[in-house]
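*Asks:* Once you've had a glance at the structure underneath, I'll fire off some questions.
The values are calculated or read from the model by the stated rules, or taken from the named source; none is laboratory data. Keep in mind it's a predicted model, so treat the numbers as computed, not measured. Note that each Cβ is placed from the backbone with ideal geometry, even for glycine, and that neighbours are counted across all protein chains shown.
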Amino acid sequence: METYLGLDLGGTKLLIGEVDGHGNVLKYKKYTSGYFNQQAALAIIRESLDDYIATTGWSDGRPAAMGVGLIGRVDPNKGIWHQIDPNRTHPIELAKELEQAYGIPCRIDNDVKSATRAERVWGVGQYSKDFVYINVGTGIAVGTVVNGRQIRGSHFNAGEAGHTRVGVNLGVKCVCGRYDCVESIASGSGIDQCARLLCKDYETSLPIPPENEGRVKAHDVFRLCQEGDPLCKVLADNAAEGIANLIMNMVRITDPDTVVLGGGVVAEEYMFENVLRKLHPSTMRFVTNGVVLTKLNPEFIGLLGACAVAMNM
Ligand SMILES: [Zn+2]
């Protein structure tokens, strides 16, 4: 049986695992990398992969190929990881480096584009050829599948829809240079930013850690919101409004029959239901399969995506 090795590299962690052609996770191990820059990433990957091979090993001979899902801008055709930080480009031939080091064919892709591949191969792609996958986690990005193919753009930047405005106007500056991008309103990092901005104007019992010492937890916001906390109500309402408008914008742009939501912020039932309530039926009437939460295990969607990259699906 052919198997595939996947590496899901997030902002602070690395998940390595082996998956079969049906999307079953056979083995895996988690590594905590801490915050890292792009230059340090190759060393972190190699160190963890060496440990994985030594301690976990293959389930049944060497995997047929390996795939890596990465944050930032990635050229999957040439196997080049261009950048994490939009202000600093530092291209690395990651696929070639890993292939030479381990003797296993290697392919790489961006993490949300990888998760969208997993959705296409093992998730809603089984009944839809036109869907959008919207990831609302630490950041916000969208994978768009049209006629069964994922849109990538001329610089592999397609789907950076987190950097669009969605009718919530607070004056929050975004890393991209614009104000009030949906990522600055509704993602994990955006909710943190908004909490710091608005905590002077509303009463709250929300724990807000000092800057650079951690982030406001979206889960705390949704819990306190249901207890009537004034700040948390505003934060949760803005986030739901932003996500709902992003969904409706995407629906108008690509005419999908299915919208799939993934990521920690929308996995909260309270948030998911609030978003659904804000969708307008006349905009949503052609989304025949509706707005659904991903059926793929959120813990493994990045790993499955990396393996779909390895399979070149
Ligand atoms: Zn932005």
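*Asks:* Which of the residues that make up the stretch 149-183 are among the acidic types (Asp, Glu) and either farther than 30 Å from residue 308 by Cβ or not in a loop (DSSP other than H, G, I, E, B) (or both)?
*Replies:* 180, 183 - these are the residues of the stretch 149-183 that are among the acidic types (Asp, Glu) and either farther than 30 Å from residue 308 by Cβ or not in a loop (DSSP other than H, G, I, E, B) (or both).
*Asks:* Answer with yes or no whether residue 111 is in contact with a helix residue (DSSP H, G or I) (Cβ under 8 Å, 6 or more places away or on another chain) and assigned by TED's automatic domain parsing to the domain that holds residue 304.
*Replies:* When the stated conditions are applied, residue 111 passes them.
*Asks:* Now for a different question. Would you call residue 158 within 16 Å of the ligand (Cβ to nearest atom), farther than 21 Å from residue 267 by Cα, in the same structural domain as residue 179 (by TED's automatic domain parsing) and of a type in the set (Gly, Ala, Ser)?
*Replies:* Yes.
*Asks:* Something else: Look through 303, 261 and report the one residue that is assigned by TED's automatic domain parsing to the domain that holds residue 30 and touching a residue at least 40 places away in the same chain (Cβ under 8 Å).
*Replies:* After applying the criteria, what remains is 303.
*Asks:* Moving on to the next point. Collect the residues in the stretch 133-148 that are closer than 20 Å to residue 268 by Cβ and outside any loop (DSSP other than H, G, I, E, B), keeping them in residue-number order.
*Replies:* 133, 134, 135, 136, 140, 141, 142
*Asks:* Right, something else. For residues that are charged (D, E, K, R) and not in a loop (DSSP other than H, G, I, E, B), scanning just the stretch 184-201, find the one that is nearest to residue 164 (Cα to Cα).
*Replies:* Selected residue: 192.
*Asks:* Which of the residues that make up the stretch 202-224 are more than 22 Å from the chain's Cα centre (by Cα) and part of a helix (DSSP H, G or I)?
*Replies:* Selection gives 223, 224.
*Asks:* Another question about this same structure. Give the number of residues within the stretch 163-193 that are free of Cβ contacts under 8 Å to residues at least 40 places away in the same chain and either near the ligand (Cβ under 8 Å from one of its atoms) or among the aliphatic types (A, V, I, L, M) (or both).
*Replies:* Total meeting the criteria: 7.
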